[in-house]
Structures are given as C-alpha cells and as structure tokens.
Amino acid sequence: MTRRPPSDSFAFDTAYGLPIDHDRRAFRSALGRYPTGVAVVTALGADGSRIGITINSFASVSLDPPLVLWSIEEQAATREAFVAADHFAISILAHEQEEVARQFAMPLGDRFKGLHVYEGLGGIPLFDEALSVFECRRFAVYPGGDHQIILGKVERVSTRPGAPLVFHEGLFLGLH
C-alpha cells in the first residue's frame, strides 16, 4: 500500500532544512498538533518595571545543574529586557488560569493587573496559584532562528497539586 502525502504537507529545503512553504502555515499547523503546557515568564526590566509573557516553549535541560529553557520571539516587545534580565521565573499554569495566560499574551497594557504579586529571588514578580514556579538565574542565551533561547539555572522551585493548562491546535484546554 502506498501512502499518499496529506494535502497540507510541505517539503524541506535540503540546503537549510527549512520548510519551503513561504507562509509556513503547514509547518505551524503540524506544530499545533503537539499539545504543550502553558506558562508565564516574569522578570524585571532594566528600569525595574515588571515584565511578563505567556509561553509554551518551555523544557527541562539538565538535572545537574538544574537547567531549564524557554524561547522568545525576536520581534517581541520585551525580548531585550528578558534577554538582559539576571533573574526570571517560569510559572506553569493550572487549568483554571486561562485568563492569566490570555492576560500575559496581550500586546499592550498592564499584564499584572488584578493579580496578587509578590517578590521572588532577585526581586522578580511572582503571582499565586501556579502549579510550579521555577525561579532562575540567567545561565546562557543562544540564537534560535527567529527566536532567542534563554537557559536558566533553577535556584528555587515550588509546586502544588493540580491539573495543567494545555494549548493544542490554537485552543486552551484543561487536563483533568
């Protein structure tokens, strides 16, 4: 039996390994089939202002030393501040925190509005109710195509029981 490629497939450019689909819709669609957790990264800007962003690009890297990574788009308004921040926190969201995820994904405005915020290591802003919080010191930053990859050395972690918020095919879902 011969398998026919799906209609939304794309080919890779053999020289660079990139999809040759110019608008990359098929590539994004394929990535969307992989469910990811949802997290918020918080830090302080150089001027001491609180910054935060919703991400789904989080991964563990090493247990010894304890390292995690996340990535931020080159075009993100807060990219420079996050890349320069000595400390940051990654808060893994619970299934009931969809509004928090949406709030930190807003293009403008006070992303911390209405949240009880307290200080973590290095003065980083933290908020209540996350399933896990990884308080990190910046370990390294690497270029990654149209993103910057930020590695953090975990200095403190907290966790609570609960079900995670998941992102799949453009939708927030609760895992119960």
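The values are calculated or read from the model by the stated rules, or taken from the named source; none is laboratory data. As the structure is a computational prediction, the values presented were derived from the model and not from experiment. As a convention, Cβ positions derive from the backbone with ideal geometry for all residues, glycine included, and neighbour counts pool all protein chains shown. The protein model used for the area step is the full one, side chains on, heavy atoms only, and it has no ligands, DNA or RNA in it. Shrake-Rupley method; radii C 1.70, N 1.55, O 1.52, S 1.80 Å.
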**Study point:** Verdict on Thr78 being of a type in the set (Val, Ile, Thr) and at pLDDT 90 or above
**Key:** yes
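So is Arg33 of a type in the set (Lys, Arg) and modelled with pLDDT under 95 or not?
Yes; evaluated as a whole, the condition is true for this residue.
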Practice item. Considering only residues that are touching a helix residue (DSSP H, G or I) at 6+ places or on another chain (Cβ under 7 Å) and more than 16 Å from Leu63 (Cα to Cα), look in the range 132-150 and name the one that is surrounded by the fewest Cβ atoms within 10 Å (Cβ to Cβ). Key: Val141
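Just for the range 151-176: of the residues that are assigned to a strand (DSSP E or B) and of a type in the set (A, V, I, L, M), which one is most open to solvent (accessible area, probe 1.4 Å)?
Among those residues, the one meeting the criterion is Leu171.
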Practice item. Search the range 111-131 for residues being among the aliphatic types (A, V, I, L, M) and more than 22 Å from Ala76 (Cβ to Cβ), and hand back the single one that is most open to solvent (accessible area, probe 1.4 Å). Key: Leu121
Check your understanding: Can you pull out the residues in the range 50-63 that are of a type in the set (S, T, N, Q) and open to solvent by 50 Å² or more (accessible area, probe 1.4 Å)?
Key -> Asn56, Ser60
Check your understanding: Pairs, please: C-beta under 7 Å, at least 6 apart or cross-chain, first residue at negative phi and part of a strand (DSSP E or B) and in the range 115-144, second of a type in the set (Phe, Trp, Tyr) and open to solvent by 50 Å² or more (accessible area, probe 1.4 Å)?
Key -> Leu126/Tyr118
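So which of Gln75, Gln97 ends up being out of contact with any helix residue (DSSP H, G or I) (no Cβ under 7 Å at 6 or more places or on another chain) and closer than 21 Å to Gly162 by Cα?
Gln97
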Check your understanding: Looking only at the range 95-110, which residues are crowded, with 21+ Cβ neighbours inside 10 Å and touching a Lys or Arg at 6+ places or on another chain (Cβ under 8 Å)?
Key -> Phe104
Review point. Residues in the range 113-143 that are within 17 Å of the chain's Cα centre (by Cα) and modelled with pLDDT under 95: how many?
Key: 1
Review point. Pairs, please: C-beta under 9 Å, at least 6 apart or cross-chain, first residue within 12 Å of Gly45 (Cβ to Cβ) and in the range 69-92, second among the polar types (S, T, N, Q) and open to solvent by 20 Å² or more (accessible area, probe 1.4 Å)?
Key: Arg79/Gln148; Ala81/Ser49; Phe82/Gln148; Val83/Gln148
